[in-house]
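*Asks:* Dropping the structure in here first, questions after.
No lab work stands behind these numbers, since they all come straight from the coordinates. As the structure is a computational prediction, the values presented were derived from the model and not from experiment. Backbone-built Cβ (ideal geometry, glycine too); neighbour counts: all protein chains shown.
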Amino acid sequence: MRDITWDAKPSYPRRTAAYEKARKRPRGSIDVRPSGALRVRVFAGYDSITGKRNYLVEHVPPGPDAEREAEAALVRLLNEVNERRNPSPGLSR
């Protein structure tokens, strides 16, 4: 039978900031609608009253520059959430 020492510290690898950043889940997405338009959605937190998820949504019409415009909209919406400029529905009622 094997002896187990409980006071020994496990040797787990340390996680660096770059590792944590790479593992972080994306908060936004770009979806293609049946019409060809693109929908940009960014998670903006939870409603303080109902507990439901809040998303900022923007639609980009189909066209030759739609992907580029959708990427720009995604960055803009993410910046709004990061700067907490989005309206909080729980406080406006």
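*Asks:* What residues have an amide H closer than 5 Å to that of Gly45, excluding those fewer than 5 places away on the same chain, when H is modeled at 1.01 Å from N in the peptide plane?
*Replies:* Under 5 Å from the amide H of Gly45: Asn54.
*Asks:* Hey, another quick one. Per-residue HN-Hα couplings for region 30-37, Karplus 6.51 cos²θ - 1.76 cosθ + 1.60 at θ = phi - 60°, whole Hz, x for Gly and Pro?
*Replies:* Along region 30-37, the couplings run 10, 10, 8, 8, x, 6, x, 6 Hz.
*Asks:* May I ask you to evaluate 6.51 cos²θ - 1.76 cosθ + 1.60, the Karplus curve with θ = phi - 60°, for each residue of region 52-57 and list the ³J(HN,Hα) values in order in whole Hz, giving x for glycine and proline?
*Replies:* So the Karplus estimates, Gly and Pro as x, are 7, 6, 10, 10, 8, 10 Hz.
*Asks:* So, by mean Cβ neighbours within 10 angstrom, what's the order for 37-47, 51-61 with the highest one leading?
*Replies:* Going by the mean number of other Cβ atoms within 10 Å, highest first, we get 37-47, 51-61.
*Asks:* So between Asp47 and Ser35, what do we pick up on full extension, going 0.36 nm a residue minus the alpha carbon distance?
*Replies:* Result for the pair: 1.3 nm of gain on full extension.
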